[in-house]
Amino acid sequence: MSEDIESNPFVDVSVFLFFEDIADKQGVEGFTNYMVSQAESLAMSVPEEEYDTWEDFANAVVAGESVFSSFENIKQISKYGFVTEECPFSKAISEYIKRLGTMNSVHDEAKDHYNHTIQPSAAHSGCMMHQTYRQEVAKRIKIGGKPLNYAQIASKAYAGNVVTPPESWKKVLLEKAGISETQGFMEMRENACLFALYMDE
Amino acid sequence: MMDIALYSLVDDMVSKSGTEGVVEYWLRVGESYAERMGKEAYVGWPAFNVAMKEGRTSLTVEGAVNVLTDLAITDKDGDVIGYVYALKTCPVAPTMSRFIKKIGPIHDSDNDVAENYNSRIRDSAVSNYCITHQKFREVAANNITVSKQGLECLHLANKGRLGDVKMVKENLDRINVDERHIKSILRSASCVFALIVKGKSAGDEED
């Protein structure tokens, strides 16, 4: 298990409000930039890792022992295909909705801004932080001396909509993960996130 | 994961907006959080204190609170004008523990932001998160009425992760409670505050 110490939702909700306040002052672009840059800073703070083999790395990820799985429980579905069962932001989002009502629309606007300017892979504003963290933390992991690569394939928002990359990318990414599109959709019924982790040949 | 973002976000923001800018952001967050929780009305102190014990008020979204009914605050005629409450666990304590375990030491910016608040606004923050938390309580209390009288939150004392304690003497004086008593409450709590009828003080003449 990765999240063995439960956060207090009071803090989770206030961090969402912090980002909303940034958006008030600096617009959607400021919101997006802050979320991305704080995820980069977070990833830069974690220790580097090295593994002898791919199996050693994959086992550590699934066991929650790698920095890659510090904030989520990850399952391996193929050699290079991985899923996250529960979005690490789901509790914070449901507490926000329970306490304050509907999410501020700026989260959707920031997500759209990210999808248009950085990469089309976010289903919610939290995905911007999560995917940037994964991208940056992968750079700190080496397996048999080779760097780890990460590519997002699908993300599911709290409202149920699934975001996938454009068709041309999706085909390549699914091949990289070693799963078919149908398998990918099947995985997204049960999981929040589907991604590939791989090394350069 | 959202809560963990707090530390890297604050660190990042200090480099862009300075410690003073982060204090202002946190104050606005505390205010808007409390405003969005809405208003509450209770018929009397017993009803309000039961709601506090059961975690049904906007104030108890921060976590479990000990309602110290032995510490009733009274006016000159002995009428109850408020009570003292103790928050058992600081809401940011689990986040700090997880950050230290998964990422590393808490950034210096946490303390820098708290110190900026302590020197400019009120000497009552033991971490940067106290700024938004204390503001939240003050605004949330203003949105609650007990027996049709508005409430006011007086922050009394809090304890940091490493045991450092902050006391707000002017608030202790206002409710006439000895600071040694509050320190003893802090042995098993992280934060102590009073909720009283707005504008009142212990020993006041009745209106």
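The values are calculated or read from the model by the stated rules, or taken from the named source; none is laboratory data. The model shown is predicted, which means the values in this text are computed figures rather than measured ones. Here the Cβ is made from the backbone with ideal geometry for all residues, glycine too, and neighbour counts use every protein chain on show. Ligands, DNA and RNA are excluded from the accessible area calculation, which covers all protein heavy atoms including side chains. Shrake-Rupley method; radii C 1.70, N 1.55, O 1.52, S 1.80 Å.
Taking the Cα atoms only, what angle lies between the long axis of helix A:90-100 and the longest principal axis of chain A, rounded to 10 degrees? Long axis of A:90-100 versus the principal axis of chain A: about 10 degrees.
Tell me the mean residue ellipticity at 222 nm calculated for chain A from its helices only (DSSP H runs of n ≥ 4, each -39500 (n - 2.57), averaged over every residue, nearest 500).
Working: 7 runs with 104 residues, N = 201.
Taken over chain A, the calculation gives -17000 deg cm²/dmol.
Give me the Kirkwood hydrodynamic radius of the protein assembly as shown, using the inverse of the mean 1/r over all pairs of distinct Cα atoms, in Å to one decimal. Value: 22.8 Å, from the Cα pair sum. Of all aspartates and glutamates in the structure, the ones whose alpha carbon falls short of 19 Å from that of A:K75, not counting any fewer than 8 places away in one chain, are A:E3, A:D4, A:E55, A:D56, A:E65, A:E85, A:E86, A:E175, A:E181, A:E187, A:E190.
Taking chain A as a Gaussian network of alpha-carbon nodes connected by springs under 10 Å, the highest mean-square fluctuation of the residues A:N149, A:N115, A:N104 belongs to A:N104.
Shown for chain B is the translational diffusion coefficient from the Stokes-Einstein equation, using the Kirkwood radius over Cα pairs, a temperature of 4 °C and a viscosity of 1.567 mPa s: 73 µm²/s. Principal axis extents of the C-alpha atoms in chain A (largest first, rounded to whole Å): 46, 36, 28. Evaluating 6.51 cos²θ - 1.76 cosθ + 1.60 at θ = phi - 60° for every residue in the stretch B:63-79, the Karplus couplings come out as x, 5, 10, 8, 8, 8, 5, 6, 10, 6, 9, 10, 8, 4, 8, x, 6 Hz, glycine and proline recorded as x. Site pair A:S78 and B:R36 shows an inter-label distance of 4.0 nm when each label is modelled 7 Å from Cα along Cα→Cβ.
Please compare each pair in A:K111/A:K156; B:K88/B:K183; A:K91/B:K16; A:K139/B:K16; A:K142/A:K176 to a cut-off of 23 Å on the Cα-Cα distance and tell me which ones are over it.
Numbers: A:K111/A:K156 13 Å; B:K88/B:K183 14 Å; A:K91/B:K16 29 Å; A:K139/B:K16 25 Å; A:K142/A:K176 18 Å.
Distance filter (> 23 Å) returns A:K91/B:K16; A:K139/B:K16.
Look at the stretch B:6-15: the mean tally of other chain Cβ atoms within 10 Å of its residues' Cβ atoms is 6. For the stretch A:54-67, putting each phi into the Karplus relation 6.51 cos²θ - 1.76 cosθ + 1.60 with θ = phi - 60° gives couplings of 4, 4, 4, 5, 4, 5, 5, 4, 5, 7, x, 9, 8, 4 Hz, in residue order, rounded to whole numbers and with x for Gly and Pro. Only protein heavy atoms count here; under a 1.4 Å probe, B:K135 has an accessible surface of about 60 Å².
Only beta bridges with both residues in the stretch B:2-197 are counted; by DSSP, about 90 percent of them are antiparallel.
If we count every other residue with Cβ under 12 angstrom of B:S17's Cβ, Lys/Arg +1 and Asp/Glu -1, where does the sum land? Let's see the in-between values first.
On the way: positive: A:K25, B:K16; negative: A:D21, B:D11, B:D12, B:E20, B:E24.
Surrounding charge for B:S17 is -3.
With charges only on Cβ, +1 for K and R and -1 for D and E, what is the dipole size of the stretch B:6-106 about its Cα centre, in debye, rounded to 20? Intermediate results must be reported in sequence, preceding the final value.
Details: 11 positive and 13 negative charges, 112 e Å.
Taking the Cα centre of the stretch B:6-106 as origin, the dipole is about 540 debye.
When +1 charges are put on Lys and Arg Cβ atoms and -1 charges on Asp and Glu Cβ atoms, the dipole computed for the stretch A:1-51 relative to its Cα centre reaches about 300 debye.
Helix A:9-45 versus the longest principal axis of chain A: what angle, 0 to 90°, nearest 10, using Cα atoms? Taking Cα atoms only, the helix is inclined about 20 degrees.
Under the convention that each Lys and Arg Cβ holds +1 and each Asp and Glu Cβ holds -1, the size of the dipole of the stretch B:2-197 around its Cα centre is about 500 debye.
If you take all C-alpha pairs in the stretch A:140-201, what percent of them are over 20 Å apart? The partial results should precede the final answer.
Working: 583 of 1891 pairs.
Beyond 20 Å sits 31 percent of the P(r) for the stretch A:140-201.
Would you please give the FRET efficiency between B:D164 and A:K139, computed as 1/(1 + (r/R0)^6) with r the Cβ-Cβ distance and R0 = 35 Å, to the nearest 0.05?
Values: r = 37 Å, r/R0 = 1.06.
Plugging the Cβ-Cβ distance into 1/(1 + (r/R0)^6) gives 0.40.
Could you tell me what percent of the DSSP beta bridges with both partners in the protein assembly as shown are antiparallel, to the nearest 5? Beta bridges within the protein assembly as shown, antiparallel portion: roughly 90 percent.
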